[in-house]
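S.K.: Right, I'll just put the structure down here and ask away after.
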Amino acid sequence: MAIKSFLPGRLGFGTAPLGNMFRAIPDEEAAATVDAAWDNGIRYFDTAPFYGAGLSEIRLGEALAGRPRDEFVLSTKVGRVILDEIEDPAARDLGEKGGLFEHGRPNKIVNDYSADATLRSIEDSLKRLNTDRLDIVWVHDVAQDFYGDEWLAAYETARTGAFRVLQKLRDEGVIKAWGLGVNRVEPLELTLDLDEPKPDAFLLAGRYTLLDHERALQRLLPAAEAQDVDIVVGGPYSSGVLAGGQHFEYQKAPAPVITKVEHIKALAGQYGVGIKAAALQFSLAHPAVAAAVPGASRPSRIVEDVAARGEKVPAAFWTALRTEGLIAQDAPVPSA
């Protein structure tokens, strides 16, 4: 089913930072951040085994313990199985995302998109999250940024393994929806072209943002909308560079990106617009987009996100972005 029908609002919480992404976060701070999300009305939480080798799931499960399970939507991911064996987190081969979770747990991460691994991954996630059910399950990172030239082989394993398992679980009512959670548009375009199995939604990180949206706008989003496949936008702040951070694509932002961000910030300043509001509202403006799930590692960031969602942005600002060539001419923008 289209997930718009059961998502509780258009703003969720992406919990990758709770897996100690970029820095070691104290347990108390992680718990306080989830509490802040709850207290500010957020009821959709997204996580993954990959985030800190299970750390994000464990922390999220602890923070949500005691909350009424029917009052929130929970999504996690498959494609990585977390073992009891230990490895050096800094030495993992993460493709273009090297060192991303070097502060996470040292448990060994095994990439596996087969049917058996998918079922095991779900079982392990339920234990770490201390819950009896998942609402949405995403097939994680089966794309070029992690697998390079081998990505199509990984995708094929997922197509005949994870995809079919998740479709069966959805058809049986065990989960409400499934799809892919990736940082590239190509695997999603490929999936939309399949006769079977048919996903309900996609979690697309970093590819429908103020900084990077033209490719998704051309084919993916119109095709998804035509097939009633909802899009959840991950990373609406482009790994943080649109929210005052230093990272783009999970690495230190290159000079051209910083220059473009400064250009957007200058225009936002002229119109009295917060850059977070501009970034978040842009990502949510496309009719194919059901929700956005920015990440946060501090309670104050959650408060900022909620404020950014509701901030009034003048139509003249979006016109100025178009005039300056900072957004695509045909990109939908919020109505005034």
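S.K.: First check a/c for the range 208-336, with a ≥ b ≥ c the square roots of the eigenvalues of its C-alpha gyration tensor; if it is under 1.5, answer rounded, and if not, answer prolate when a/b is larger than b/c or oblate otherwise.
M.R.: rounded
S.K.: In addition: Per the helix-only calculation at 222 nm, which mean residue ellipticity applies to the chain, given -39500 (n - 2.57) for every DSSP H run of n ≥ 4 and division by its residues, nearest 500 deg cm²/dmol?
M.R.: -11000 deg cm²/dmol
S.K.: Using the 2.2 N^0.38 Å rule of thumb for compact globular proteins, work out how the range 234-285 stacks up: its C-alpha Rg over that value, please.
M.R.: Cα Rg divided by the expected 2.2 N^0.38 Å: 1.07.
S.K.: Using the C-alpha atoms of the range 190-238, what convex hull volume per residue, in cubic angstrom, is computed?
M.R.: Given the Cα convex hull of the range 190-238, per-residue volume reads 66 Å³.
S.K.: On average, how much accessible surface per residue is there in the chain, in Å², for a 1.4 Å probe, leaving out ligands, DNA and RNA?
M.R.: Accessible area per residue, the chain: 39 Å².
S.K.: While we're on this one: Helix 162-171 against the longest principal axis of the chain: what's the angle in degrees, Cα atoms only, rounded to the nearest 10?
M.R.: The angle comes out at about 90 degrees.
S.K.: Output the 0 to 90 degree angle, nearest 10, between the alpha-carbon long axis of helix 55-64 and the longest principal axis computed from the alpha carbons of the chain.
M.R.: 80
S.K.: Can you bin the range 1-103 into rounded, prolate or oblate? Criterion: square roots of the alpha carbon gyration tensor eigenvalues sorted a ≥ b ≥ c, rounded for a/c under 1.5, prolate for a/b above b/c, oblate for the rest.
M.R.: prolate
S.K.: Let me know the Kirkwood hydrodynamic radius for the range 148-226, please, with Cα pairs as the basis and the value in Å to one decimal.
M.R.: 13.4
S.K.: Please enumerate, by chain and number, the lysines with C-alpha under 21 Å from the C-alpha of residue 260, excluding those fewer than 8 residues away in the same chain.
M.R.: Here the lysines satisfying the reach criterion relative to residue 260 are 252, 276.
S.K.: Any chance you could list the semi-axes, whole Å, largest first, of the equivalent ellipsoid that the Cα gyration tensor gives for the range 94-205, using √(5λ)?
M.R.: Value: 21, 20, 12 Å, ordered largest first.
S.K.: I'd like the distance separating the alpha-carbon centroids of the range 81-105 and the range 16-65, in whole Å.
M.R.: 18
S.K.: Quick one: angle between helix 275-285 and the longest Cα principal axis of the chain, in degrees between 0 and 90, rounded to 10, please.
M.R.: Orientation of helix 275-285: about 70 degrees from the principal axis.
S.K.: OK, next. Taking a temperature of 20 °C and a viscosity of 1.002 mPa s, what whole-number D in µm²/s does Stokes-Einstein yield for the range 38-163 with Rh from Kirkwood over alpha carbon pairs?
M.R.: 141
S.K.: When the accessible area of the chain is split by element with a 1.4 Å probe, what percent falls to carbon and sulfur?
M.R.: Looking at the chain in its full context, I get 51 percent from C and S.
S.K.: What value in Å³ per residue do you get for the convex hull of the alpha-carbon atoms in the range 143-302?
M.R.: 132
S.K.: Take peptides 72-83, 109-120 and line them up by average Cβ neighbours within 10 Å, highest first, as a rough protection proxy.
M.R.: Per-residue mean Cβ counts within 10 Å order the peptides as 72-83, 109-120.
S.K.: A further question follows. Where in the range 1-19 does the amide nitrogen come within less than 17 Å of the point 7 Å from the Cα of residue 228, taken along Cα to Cβ?
M.R.: Answer for the range 1-19: 1-7.
S.K.: I need the peptides 193-199, 35-41, 257-263 ranked by packing, meaning the mean over residues of other C-beta atoms within 10 angstrom, with the highest value on top.
M.R.: In descending order of packing, they fall as 35-41, 257-263, 193-199.
S.K.: Here's another thing I want to ask about it. Go through 319-329, 288-298 and give me the packing order, highest mean Cβ count within 10 Å leading.
M.R.: Ranking, from highest mean packing down: 288-298, 319-329.
S.K.: If contacts are Cα pairs under 8 angstrom and at least 6 residues apart, what is the relative contact order of the chain in percent?
M.R.: About 19 percent, as a whole number.
The values are calculated or read from the model by the stated rules, or taken from the named source; none is laboratory data. Please read these numbers as outputs of a predicted model, since none were measured by experiment. Note that each Cβ is placed from the backbone with ideal geometry, even for glycine, and that neighbours are counted across all protein chains shown. Ligands, DNA and RNA are stripped out before the accessible areas are found, and what is left, the full protein with its side chains, is counted by its heavy atoms. Shrake-Rupley method; radii C 1.70, N 1.55, O 1.52, S 1.80 Å.
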